[in-house]
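First up is the structure itself, then whatever we jot down about it.
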Protein chains: 2
Amino acid sequence: VTPEKVTVLCGGLGGSRLVDSLARAVGAENVTAIVNVGDDLEFLGLRVSPDLDTVLYTLAGLLDEERGWGVRDETYSVRATAESLGADTWFTLGDRDIGLHLVRTAALRAGDPLSTVTARLAEQLGVRVRLLPATDEALRTFVGTEAGELDFQTWFVRHRHADRVLGVEYRGEARPAPGVLAAIEDAEHVVIAPSNPFVSVGPILAVEGVRDALSARRVAAVSPIIGGEAVRGPLADMLESLGFERSARGVAEYYGDLVSAFVLDPADAAFAADIRGAVVAPAVMVDPRSRAEVGRAVLEALR
Amino acid sequence: VTPEKVTVLCGGLGGSRLVDSLARAVGAENVTAIVNVGDDLEFLGLRVSPDLDTVLYTLAGLLDEERGWGVRDETYSVRATAESLGADTWFTLGDRDIGLHLVRTAALRAGDPLSTVTARLAEQLGVRVRLLPATDEALRTFVGTEAGELDFQTWFVRHRHADRVLGVEYRGEARPAPGVLAAIEDAEHVVIAPSNPFVSVGPILAVEGVRDALSARRVAAVSPIIGGEAVRGPLADMLESLGFERSARGVAEYYGDLVSAFVLDPADAAFAADIRGAVVAPAVMVDPRSRAEVGRAVLEALR
């Protein structure tokens with residue numbers, strides 16, 4: 001175990017904010033993020049990795065913070081042209097964002113693994129947090145709904161997560177990307193970010209060896225539910241439809257024995273008595289200026 | 001032979017202007033353009049077909065006429081991002097242009113031949129001239145220089161055609177795209193556009209069966225050299241370095257027996273006596289407003 005080192009398992013927005021908070025608290029070079037790739041897609045021939053991109057853009061200071069995805073001050077000329085030529089454009093990609101997707105897609109087609117490409121993109125963007133895709137392989141998340149089974153982005157973006165979720169599946173044999181298991185084994189703190197447990201963290205847990213590596217460590221989770229609602233996204237409804245309580249307690253129940261410390265926002269302090277290893281600390285990180293403080297509070301709570 | 005039908009063999013800018021001129025003169029639905037693909041390239045993983053695009057953009061009224069390539073009112077966000085991520089950006093692609101390349105590249109990867117994709121793009125852009133790539137296969141132009149052999153775009157764009165051309169080669173077994181030979185056989189007029197004979201028309205002539213089909217027809221060429229200079233591009237220097245006279249007469253010599261009518265601009269009327277089938281007609285088509293007239297004059301000269 002290396003002192004000061006923190007490894008975070010995360011998805012997109014909530015995850016990226018915790019990673020940013022911890023990087024501000026202990027220094028970017030001490031933080032590793034293991035990022036979900038279960039919702040990656042090919043769109044217009046481009047390989048898009050929404051969660052990796054949200055983390056990259058957040059850490060590089062490029063994220064459109066209001067919208068919660070994509071690059072700020074974005075333009076949409078490519079999309080307008082593609083649409084005028086009859087292309088499907090239900091997944092919105094901005095021009096600057098497409099610049100990154102083109103570079104990544106070309107490198108992947110040339111044979112570089114996603115982990116190598118991601119490290120290079122991070123370096124070019126001046127991001128010093130170590131970003132690891134959970135796997136270099138094609139692990140994909142599918143959602144069972146009353147309308148049938150949908151791939152993640154069709155459910156989430158195309159159908160605006162309107163279909164009630166009855167089940168979640170991860171498909172594809174997925175070995176961990178280089179460095180993933182070691183990052184879990186070697187860090188002083190291993191933290192599950194306040195990301196959606198079913199569709200952001202779940203796919204990471206489905207990667208070969210990750211659950212076992214976590215079982216050997218003390219793992220903390222930061223609640224993605226505050227006051228009965230997700231800071232963003234459909235998690236609260238999913239908890240209900242998948243048979244869990246619509247609360248921080250429902251999330252703690254999902255993780256079960258895997259997690260031995262659980263960070264609750266002060267708004268949910270009442271649940272502390274029912275959750276193993278509950279610690280109360282501020283967990284709202286919407287404002288970048290408050291993040292260093294949240295990062296310090298989370299680490300303090302875990303010590 | 002179908003009366004009124006005109007088939008044009010062409011490259012990029014000069015070719016697109018003749019196609020536009022003829023379309024304005026006899027109606028777009030009567031014109032077929034057989035377009036060079038020898039300078040196509042993969043760039044940033046995108047399949048770019050510069051000559052097809054110049055013809056498409058010209059006919060759709062989208063061409064940046066001042067620059068002579070690409071889309072007018074273009075933006076460059078994708079390129080700026082790709083460059084900031086370390087990508088090679090020596091071949092300039094604008095955002096709107098990239099929208100088209102993405103749609104084409106995705107369709108090609110899905111297995112559609114270039115001719116099918118081109119017809120669809122033309123339809124979406126409201127272009128009624130029939131556009132045929134000379135071949136659906138990978139015919140590519142290479143240029144021999146004192147600096148060694150270069151693929152066409154490396155010589156033309158990356159090295160700004162600074163290297164003296166000592167030879168030109170077309171590589172790749174290329175069968176004609178569907179409709180190409182019939183378009184030569186059935187048209188009332190077959191015209192070689194005022195495009196570079198070595199690197200724009202030459203690759204079309206290298207497609208299987210094209211020379212034979214042309215030999216059976218009366219073929220006219222429009223001179224790409226006016227007053228000893230190309231309207232645009234490096235043709236005048238190439239004529240010299242490849243052993244031809246730097247003049248319209250040099251071009252006529254290159255085509256030789258293949259061509260039985262040769263349209264000279266009035267500025268070159270002095271060469272008329274030396275060129276088989278010479279006809280003098282205005283051939284400057286830079287201004288779109290003068291094109292219908294040039295088209296009519298060229299057809300009149302060929303009747």
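The values are calculated or read from the model by the stated rules, or taken from the named source; none is laboratory data. Because the structure is predicted, anything quoted here is derived from the model rather than measured. Note: ideal-geometry Cβ built from the backbone for every residue, glycine included; neighbour counts use all protein chains shown. Accessible surface is based on the protein model in full, side chains and every heavy atom, while ligands, DNA and RNA are left aside. Shrake-Rupley method; radii C 1.70, N 1.55, O 1.52, S 1.80 Å.
Of note:
- With label points defined 7 Å past Cα in the direction of Cβ, position A:Glu169 shows copy-to-copy spacings of 5.3 nm, given to one decimal and shortest first.
- For chain A, alpha-carbon Rg and Dmax in angstrom: 18.2, 58
- Cβ nearest the rotation axis (A onto B), residue from chain A and distance to the nearest whole Å: A:Asp95, 2
- Between A:His159, A:His101, A:His189, the residue with the greatest mean-square fluctuation in the GNM of chain A (Cα pairs under 10 Å linked by springs) is A:His159.
- On the basis of the beta-carbon distance and an R0 of 25 Å, B:Glu229 and B:Ser260 show a calculated FRET efficiency of 0.45.
- If you sort the three axes of the alpha carbon gyration tensor as a ≥ b ≥ c, you get a/c of 1.5 or more for segment A:16-78 and a/b no higher than b/c, which makes it oblate.
- Spread of Cα-to-Cα distances over 10 Å intervals beginning at zero, given as percent, for segment A:203-293: 16, 44, 35, 5
- Residue with peak Gaussian network fluctuation, chain B [Cα springs, cutoff 10 Å], from B:Gly172, B:Gly209, B:Gly45: B:Gly45
- Position A:Gly111, label points 7 Å along Cα→Cβ, spacing to each other copy in nm (shortest first, one decimal): 2.7
- Stretched out straight at 0.36 nm per residue, the stretch from A:Thr92 to A:Arg109 would grow longer than its current Cα-Cα span by 3.9 nm.
- Remark: relative contact order (chain B) = 21 percent; criterion is Cα-Cα distance under 8 angstrom and separation of 6 or more residues.
- Taking B:Tyr254, B:Tyr57, B:Tyr170 as the candidate residues, the one with maximal mean-square fluctuation in a Gaussian network model of chain B, Cα springs under 10 Å, is B:Tyr254.
- 0 to 90° range, to nearest 10: angle between helix B:291-302 axis and chain B longest Cα axis: 40
- Alpha carbon centroid spacing (whole Å) that separates segment A:70-99 from segment B:276-290: 41
- Total buried accessible area between A and B, probe 1.4 Å, nearest 100: 1900 Å².
- In segment B:93-126, the residues that give up 50 Å² or more of accessible area when the other protein chains are added, compared with the chain on its own (1.4 Å probe), are B:Leu102, B:Val103, B:Arg109, B:Gln124.
- The stretch between B:Arg211 and B:Ala272, if pulled fully straight at 0.36 nm per residue, gains 19.5 nm over its current Cα-Cα span.
- Heavy-atom surface of segment A:1-56, accessible at 1.4 Å and reported per residue (Å²): 22
- Value of relative contact order over segment B:169-303, rounded to a whole percent, pairs C-alpha under 8 Å and six or more apart: 19
- In segment B:47-91, trypsin sites (Lys or Arg not before Pro) in a DSSP loop with at most 13 other beta-carbon atoms within 10 Å: B:Arg67
- For segment B:64-103, the relative contact order works out to 40 percent when only alpha carbon pairs closer than 8 Å and six or more residues apart are counted.
- Square roots of 5 times each gyration tensor eigenvalue, C-alpha, segment B:151-264, largest first, Å: 24, 18, 11
- Surface composition of segment A:1-114: carbon plus sulfur atoms hold 47% of the accessible area, using a 1.4 angstrom probe and ignoring ligands, DNA and RNA.
- Across segment B:78-92, coupling constants 3J(HN,Hα) worked out from phi with the 6.51/-1.76/1.60 Karplus curve, θ = phi - 60°, read 4, 4, 4, 5, 4, 5, 5, 9, x, 6, 5, 9, 5, 9, 6 Hz, and Gly and Pro carry x.
- DSSP-defined beta bridges in segment B:155-303 - what % are antiparallel, rounded to 5: 20
- Average accessible surface for segment B:189-303: 39 Å² per residue, computed with a 1.4 Å probe over protein heavy atoms with every protein chain in place.
- Separation in nanometres of the label points that stand 7 Å from Cα toward Cβ, at B:Arg120 and A:Ala236: 4.3
- Rounded if a/c under 1.5, otherwise prolate or oblate - segment A:44-146, Cα gyration tensor axes: rounded
- Over 44 Å [Cα-Cα, the protein assembly as shown], rounded percent: 36
- Sites matching GluC sites (Glu not before Pro) across segment A:1-80 that sit in DSSP coil, with at most 13 neighbouring C-beta atoms within 10 Å: A:Glu66
- Of the GluC sites (Glu not before Pro) in segment B:148-199, the ones in a loop by DSSP (not H, G, I, E or B) with at most 14 other beta carbons within 10 Å are B:Glu173.
- The stretch between A:Ala138 and A:Glu253, if pulled fully straight at 0.36 nm per residue, gains 38.6 nm over its current Cα-Cα span.
- In the assembly of identical copies, B:Arg158 has its label point, taken 7 Å from Cα in the direction of the beta carbon, separated from the corresponding points by 3.9 nm (ascending, one decimal).
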